1. Given the options Ala212, Ala84, Ala49, which has the most mean-square fluctuation in a GNM of the chain, springs set between C-alpha atoms less than 10 angstrom apart?
2. Counting other C-beta atoms within 10 Å, and keeping those with at most 14, which DSSP coil GluC sites (Glu not before Pro) do you find in the stretch 51-137?
3. What do you get for the angle between helix 209-231 and the principal long axis of the chain? Use alpha-carbon atoms, 0 to 90 degrees, nearest ten.
4. So between Arg8 and Asn41, what do we pick up on full extension, going 0.36 nm a residue minus the alpha carbon distance?
5. Taking Cα Rg over 2.2 N^0.38 Å as the quantity of interest, determine which of [x] 0.98; [y] 0.93; [z] 1.07 was computed from the displayed structure.
6. R0 = 22 Å: FRET efficiency of Ser170 with His206, Cβ-based, nearest 0.05?
7. Quick one: putting +1 on the C-beta of Lys and Arg, -1 on the C-beta of Asp and Glu, what dipole do you get for the stretch 150-314 around its Cα centre, in Debye to the nearest 20?
8. Would you mind calculating the relative contact order of the stretch 6-146 from Cα pairs under 8 angstrom and at least 6 residues apart, reporting the percent as a whole number?
Amino acid sequence: MNCDINPRKAAVIGCGFVGAATAFALMQSKLFSEIVLLDSNFDKADGEAKDIAHGIPFAGQMKIYAGGYDDVADAAIIIITAGANQKPEETRLDLVQKNVAIYQAIIPEIAKRDYKGILLIVSNPVDILTYVAVQLSGLPENRVIGSGTVLDTARLKYALGEHLGVDSRSVHAFIIGEHGDSEIVAWSSTNVSGIPLSDFCDMRGHYNHHAAMREIAESVKNSAYDIIAKKQATYYGIAMSVKRICECIIRDEKSILPVSSMMHGKYGIEGVALSMPAVVGGEGIETLVPISLNEEETLKLQRSAEMLKNLALSLKL
């Protein structure tokens with residue numbers, strides 16, 4: 001990591017449900033010795049920092065406080081969760097104009113401090129905002145990462161684990177494309193500890209594969225809507241996803257995660273950010289991992305990319 005940054009420091013910009021839950025998860029993770037919280041309402045950031053700080057005696061010594069943009073300049077990772085909340089009946093893409101305007105205020109403040117760390121974009125629509133962050137920040141693309149479909153993939157693994165009665169960590173699967181309604185389950189490369197999914201289903205006494213997989217994919221895609229309808233927001237799952245991405249960066253794990261990043265020609269997709277499995281380490285995204293997709297999955301991925309690209313091109317940046 002660059003010598004201008006503190007490898008044990010993180011910043012969270014935006015202290016709503018997602019930002020606060022993320023800060024709480026990171027405090028417990030012991031990854032960082034310093035976390036700075038920023039919000040357009042300083043008192044909100046200050047209140048969250050003080051509330052979380054009171055748990056430090058149970059978790060181990062660290063510093064967590066509210067600050068300003070000068071305080072984030074040396075953070076190893078800046079996590080941006082700021083943005084309008086997704087309302088019931090509202091898609092992630094409906095949020096785009098409101099949140100692009102917020103990013104136009106935030107990203108230049110980071111860029112003008114010659115930031116040398118990694119930007120982790122979490123606000124929705126995450127793919128569009130990752131693209132926006134790349135355009136506005138001037139940072140190398142490998143250092144601008146969207147949380148992408150890391151949470152969707154976790155939801156899928158959880159659902160498959162429940163369906164098959166097996167530890168979800170033994171399920172190897174990816175959701176790719178948009179973090180949203182056009183997301184694609186890469187069924188053709190899904191396996192359980194190396195055993196093709198259909199074979200494992202047979203082994204566990206499940207024979208109606210196609211209907212079951214359709215139902216699981218639909219429930220995963222709609223799970224955020226379901227949770228938002230019931231409790232107005234989703235935040236614990238995404239906070240855990242952000243913690244996992246931070247682990248990969250801070251520990252230089254080189255783990256493979258389906259994060260959102262700029263595409264340049266793979267699968268015929270160019271100039272848009274979306275999620276594909278990538279090797280994530282200390283320098284951010286090292287390389288995309290080419291997984292095998294069948295013809296239908298490739299076509300759906302290209303359609304997802306086309307929709308995102310049209311939206312990205314319509315923005316006035």
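Bear in mind these aren't lab numbers, they're just calculated from the coordinates by the rules spelled out. Just so you know, these numbers come straight off a predicted model, no measurement behind them. A quick note on method: Cβ atoms are made from the backbone with ideal geometry, for glycine too, and the neighbour counts reach across all protein chains shown.
1. Ala212
2. Passing both the DSSP loop test and the Cβ count: Glu89, Glu90.
3. Result, in degrees: 30.
4. Details: separation 33, 0.36 × 33 = 11.88 nm, distance 2.54 nm.
My answer for the length gained is 9.3 nm.
5. [x]
6. Details: r = 16 Å, r/R0 = 0.72.
The pair Ser170/His206 has a calculated efficiency of 0.90.
7. Working: 16 positive and 21 negative charges, 80 e Å.
Here the size comes out at about 380 debye.
8. Details: 249 pairs, mean separation 33.3, N = 141.
Rounded, it is 24 percent for the stretch 6-146.
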